[in-house]
Ligand SMILES: [Zn+2]
């Protein structure tokens, strides 16, 4: 996977000039800021692994791509996914002729995965799971807010209807959402979303303020954010009632590291957390 900072200067220029902008000014690089100059604001292509392909189509680094070249780039980057899809489907069918028959029959995943939208953490790929094994929800900074109908519907469906056995909240070091929440700045529409993380900081203000090293404090906030989102899951009626009846699901908090590709289990004591939460949030009949 290419680092976020690798990109085409000319392509970024044309992206800024001619293409719709995605509004985000989240910090992109984590600990490797020394190797990465600040990204251009709102760059649509800045993290695309196909940038080099486009760059090759341009005769000079300094010449901005023409509208025709941009159009060709967009067509190729779109069509590439269908080419990949056809190859994947053929490969799966060759490995297991009944694969799609089973896929069409329904799903019974063991895991609910709640992760960050960051493109560098593909849940199935890093855990070796196959299609049908994990129900997936992702958002910026892997948050579980009780007013977010999206994540609440996902948890409800996964627990009550799919009967998942494990719920995993997976954050990651170098999370742009968490970094942004540590920055006292107006970020527009992201303000209410990031405030959930600022609230996590406030809840653990003393511990975090005592960490002098900024990188270490940032990493610890990533971990505490995962822990608080696990707590938010434990507060739901679906989880409490299912656990009382079935002894599952169990909630886990993990953190992914870009530097080695490994998952760290925060070893959250789910049962202790449940007991503690139920002092105030007991929703078991
Ligand atoms: Zn993130």
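The values are calculated or read from the model by the stated rules, or taken from the named source; none is laboratory data. Worth saying up front: this structure is predicted, and the values here are computed from it rather than measured. For neighbour counting, all protein chains shown are included, and Cβ atoms are generated from backbone atoms with ideal geometry for every residue, glycine included.
Criterion first (assigned by TED's automatic domain parsing to the domain that holds residue 240, away from the ligand (no atom under 12 Å from the Cβ) and within 28 Å of residue 261 (Cβ to Cβ)) does residue 133 satisfy it?
It is true that residue 133 is assigned by TED's automatic domain parsing to the domain that holds residue 240, away from the ligand (no atom under 12 Å from the Cβ) and within 28 Å of residue 261 (Cβ to Cβ).
Residue 194: more than 30 Å from residue 132 (Cα to Cα) and either more than 22 Å from the chain's Cα centre (by Cα) or modelled with pLDDT of 95 or more (or both), yes or no?
Here the answer is yes, as residue 194 does meet what is asked.
Scan (1) within 12 Å of the ligand (Cβ to nearest atom); (2) closer than 30 Å to residue 93 by Cβ; (3) out of contact with any helix residue (DSSP H, G or I) (no Cβ under 8 Å at 6 or more places or on another chain) for the single condition residue 115 breaks and write down its number.
(3)
Check off (1) modelled with pLDDT of 90 or more; (2) under 28 Å from residue 218 (Cα atoms) for residue 35 and give me the number that stays unchecked.
It fails just one condition, (1).
Of all residues in region 241-285, which are crowded, with 17+ Cβ neighbours inside 10 Å and either in a helix (DSSP H, G or I) or outside the structural domain of residue 115 (by TED's automatic domain parsing) (or both)?
Correct list: 242, 243, 270, 273, 274, 277.
Give me a count of the residues in region 146-169 that are within 16 Å of the ligand (Cβ to nearest atom) and in contact with a helix residue (DSSP H, G or I) (Cβ under 6 Å, 6 or more places away or on another chain).
Selection size over region 146-169: 1.
Does residue 172 satisfy being away from the ligand (no atom under 12 Å from the Cβ) and either over 19 Å from residue 268 (Cα atoms) or surrounded by 15 or more Cβ atoms within 10 Å (Cβ to Cβ) (or both)?
When the stated conditions are applied, residue 172 does not pass them.
List pairs: first in region 111-128 and closer than 14 Å to residue 174 by Cβ, second away from the ligand (no atom under 14 Å from the Cβ), Cβ under 7 Å, 6+ apart or cross-chain?
Listed pairs, sorted by first residue: 120/1.
With the structure loaded, tell me whether residue 188 is farther than 30 Å from residue 246 by Cα, outside any helix (DSSP H, G or I) and within 12 Å of the ligand (Cβ to nearest atom) or whether it fails that test.
When the stated conditions are applied, residue 188 does not pass them.
Go through 238, 180 for me and flag whichever is in contact (Cβ under 8 Å) with a residue 40 or more places away in the chain, under 20 Å from the mean Cα position of the chain (by Cα) and either in the same structural domain as residue 123 (by TED's automatic domain parsing) or assigned to a helix (DSSP H, G or I) (or both).
180
Residue 124 - would you say it is under 30 Å from residue 232 (Cα atoms), more than 16 Å from the ligand (Cβ to nearest atom) and within 14 Å of the chain's Cα centre (by Cα)?
Yes, satisfied.
For residue 74, indicate whether it is more than 16 Å from the ligand (Cβ to nearest atom) and in a strand (DSSP E or B).
no
Out of (1) surrounded by 14 or more Cβ atoms within 10 Å (Cβ to Cβ); (2) at pLDDT 95 or above; (3) more than 14 Å from the ligand (Cβ to nearest atom), what's the single condition that is false for residue 94?
Of (1) surrounded by 14 or more Cβ atoms within 10 Å (Cβ to Cβ); (2) at pLDDT 95 or above; (3) more than 14 Å from the ligand (Cβ to nearest atom), only one is false for residue 94: (1).
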